[in-house]
Amino acid sequence: MTGTVLDLNRNTETLKAAIAGRSLWDDARTRLVRNKAAMVSMIVLGLLVLVAIVGPMFWPYQLTDLSTLRNSPPSLAPFHPLGTDLQGRDLALRLMVGLRMSLLVGFVATLVSLVIGVTWGATAGYLGGWADQIMMRIVDVIYALPFIFFVILLVVAFGRNIILIFLAIGAVEWLTMARIVRGQTLALKGREFIEAARAAGVSRFNIVRRHILPNVMGPVAVFVTLTIPTVILLESFLSFIGLGVNEPLTSLGSLIAIGKDNMEQAPHQLFAPALTMMVTLLCLNFIGDGLRDALDPKDR
Amino acid sequence: MNGLKRALSRIPWTYVGKRLMIAVPTLLVIVTLAFFMMRLAPGSPFSAEGRQSPQALAALEAQYGLDKPMWQQYTSYLGGVLQGDFGPSLKTKDKTVAEMIGDGLPISMTLGFSAMLIALIVGGAIGIFAGLKQNTAADYGAMGFAMVGISIPNYVTGPILALIFGVWLAWLPPGGLDFYTGHMTVATMTLPVLTLSLPYIAIISRLMRASMIETLRSNHIRTARGKGLSEREVIFRHALPQALLPLISFVGPATAGVVTGSLVIERIFTLPGVGSYFVQGALDRDFTLVMGVVILFATLIILLNLIADILYAVLDPKVRYE
């Protein structure tokens, strides 16, 4: 109350400035822009995404093209900037397509986990009581599953199918998301503004959608950016042990696996996909870290 | 003696009981899921053994009871497991699953525990150091290294290390067991353990740094400094014990990660551990072997998480599990 009284005594200019206020997201954006590592990472990642999407369209070869040059070193004439692999396929093109696949899996599977996790966690947290108990016990049980084994079993049981890989990875990654959202929801539920909304007659669904979800978005955003690299790692892990996407499609993990088998003759076939993967993951991790520091600056 | 009594009194027995009660249905769900996924998968463990007549195949399946209805197979498998019988391996003739796990487990365990130990010591030391020197060049350097460590998966570091130290420099064997003894030796273990521990060194150092910074800001450290204790005493007697706590709760899940990592490490360095059995078993449809490994690892993960929770409760009197 004293704040208002003081404000009234000031001139209208400062009053307007005080009213304009800065939201959490405005503050976060300012802090994120100041974070050099995160900004550089965003630019590099943007370039990588661009190359992965646009690159293959303008490349002089197709994925199915086989050159008579096999296992050739990098050269510009004939045009194979990263050389060719054992079958005579252009490695640069395979690298771009592989990166595109890894990024696609990363984003889509994270989206799957985001949708399931947020819905599950917010519902459990808001309903509370026995519904919450049952829903979270289910999460606990699935959490205890050695999930990598289940992903492998899923792929073995239903064949190597890209949709399945999306679903399988998304389905194991939602658990942590659900826990985070539930915890946040529980904490928010008792707050005055929720009580006010309830008193005003807002429906349960709308309370969750309009008042709770926007407030849990901070931690969720951070977790999402850190989930994407985890998912990319998981997919490339599957590809590495030979359970990933089918040829001629490829992913960074498959390329690393092939490069590894051939590394004594042509180390660049391992180093090229390995370096691409490292840079991609580094960028995503730096962005995630930057976002966390921006939204929750207490650790700085 | 008094300390031990106090520690024991802090174990939240009801909580432990509850957790163990959840562990039983969890294991049952795991076994059931894994069983039906494995059995519903197309392909048979015997189909790869050359051109067999359908009659021979049927006879083989009958010999292992695979011709019975699915639920009957399930109940008889479950019954066997409850009596500690994991059945014969369907692919490796003359060996039971228990024998195979007995062969592979020492290798996987040695790898896993050595890697975890190294990760805790090295990662902990780096994290404490970076936390004490917060926002200096040394801190940024250590955290940059940690970020790289997190971003390179072990199936990348593994082959590269094997190539550099195993093939090019030929300092260490690039893979396999010791040629003469057929066991793991320090030389054959070095590269796999290093590869397995690197990402955990990175994660633990980040965790430790954050925890150290938070602890150094807390009131009891201000009090300790205010009393005029030496900086050394403040750090080692007052800050470290508290800062180490979050590490304990990390060890449980991390061990699960090390287990997963061993799948890859054993494949890269061609070590006959349990992880390599799992992948090969899944591809061969050797479902008794796969089930055995799944049950083993699930139990291990559940137990380690529980132990971590108990330790946490014993060491941190503020923690109360309800």
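Bear in mind these aren't lab numbers, they're just calculated from the coordinates by the rules spelled out. As the structure is a prediction and not an experimental result, all values here were calculated from the model. Neighbour counts run over all protein chains shown; Cβ positions are idealised from the backbone, glycine included.
If you average the sequence gap of Cα pairs under 8 Å that are 6 or more apart and divide by the length of the range A:114-200, what percent do you get for the contact order?
Across the range A:114-200, relative contact order equals 50 percent.
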Ratio for the range A:245-300, C-alpha Rg to 2.2 N^0.38 Å, reads 1.62
For chain B, the longest principal axis of the Cα atoms and the Cα long axis of helix B:274-284 enclose an angle in degrees, to the nearest 10, of 40
The FRET efficiency for A:Val54 and A:Leu164, from their Cβ-Cβ distance with R0 = 22 Å and rounded to 0.05, is 0.20
The FRET efficiency for A:Ala196 and B:Thr75, from their Cβ-Cβ distance with R0 = 45 Å and rounded to 0.05, is 0.20
By Cβ neighbour count within 10 Å, fewest first, A:Trp174, A:Trp25, B:Trp168, A:Trp120 rank B:Trp168, A:Trp25, A:Trp120, A:Trp174
On the formula 1/(1 + (r/R0)^6), with r taken between the Cβ atoms of B:Arg237 and B:Ala210 and R0 of 22 Å, the FRET efficiency rounded to 0.05 is 0.55
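Hey, what does the equivalent ellipsoid look like for the range B:65-213, semi-axes from the Cα gyration tensor as sqrt of 5 times each eigenvalue, largest first, whole Å?
Semi-axis lengths for the range B:65-213 are 41, 22, 13 Å.
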What helix-only [θ] at 222 nm does chain B give? Using -39500 (n - 2.57) per DSSP H run of at least 4, over all residues, to the nearest 500, the answer is -22500 deg cm²/dmol
Descending packing, highest mean Cβ count within 10 Å first, for A:41-52, A:217-228 is A:217-228, A:41-52
Final fewest-first order of A:Ser254, B:Ser249 on the 10 Å Cβ neighbour count is B:Ser249, A:Ser254
Volume per residue (Å³) of the convex hull spanned by the alpha carbons of the range A:170-300 is 133
Contour minus Cα-Cα span, B:Leu20 to B:Leu303, at 0.36 nm per residue, comes to 101.0 nm
Taking only the alpha-carbon atoms of the protein assembly as shown, the convex hull volume per residue, in cubic angstrom, is 239
With B:Ile22 itself left out, Lys, Arg at +1 and Asp, Glu at -1 over residues whose Cβ is under 9 Å from its Cβ give +2
If unit charges are put on Cβ atoms (+1 for Lys and Arg, -1 for Asp and Glu) and the dipole of the protein assembly as shown is taken about its Cα centre, the option from B:Gly261, B:Pro25, A:Leu291 lying farthest towards the positive end turns out to be A:Leu291
Label model pair A:Trp25, B:Ala170: point-to-point distance (7 angstrom along the Cα→beta-carbon line) in nm is 6.2
Here the equivalent ellipsoid of chain B, derived from its Cα gyration tensor, has semi-axes (largest first, whole Å) of 44, 27, 15
A:Ser203 neighbourhood, Cβ < 11 Å, K/R = +1, D/E = -1, net charge +4
Here Rg/Rh (Cα, Kirkwood) for the range A:85-231 equals 1.11
Cβ-Cβ cut-off under 14 Å around A:Ile256, Lys and Arg +1, Asp and Glu -1: the net charge is 0
So, with points 7 Å from each Cα along the Cβ direction, the A:Ile138-B:Ala137 label distance in nm works out to 5.5
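Mean separation of Cα pairs under 8 Å and 6+ residues apart, divided by the residue count of chain B: what relative contact order is that in percent?
Working: 363 pairs, mean separation 88.5, N = 322.
Relative contact order here is 27 percent.
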Between the Cα axis of helix B:70-82 and the main Cα principal axis of chain B, the angle (0 to 90°, nearest 10) is 50
Of B:Met38, B:Met208, B:Met291, the most mobile residue in a GNM of chain B (C-alpha springs, cutoff 10 Å) is B:Met38
In Å³ per residue, the alpha-carbon convex hull of the range B:197-311 encloses 107
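Suppose the chain between B:Leu105 and B:Arg39 were pulled fully straight at 0.36 nm per residue; how much longer would it get relative to their current alpha carbon spacing?
Full extension from B:Leu105 to B:Arg39 adds 21.3 nm.
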Tilt, helix B:97-118 to longest principal axis of chain B (alpha-carbon atoms), in degrees rounded to tens, equals 20
Largest-first semi-axes in Å of the equivalent ellipsoid built from the Cα gyration tensor of the range A:203-248 are 37, 13, 6
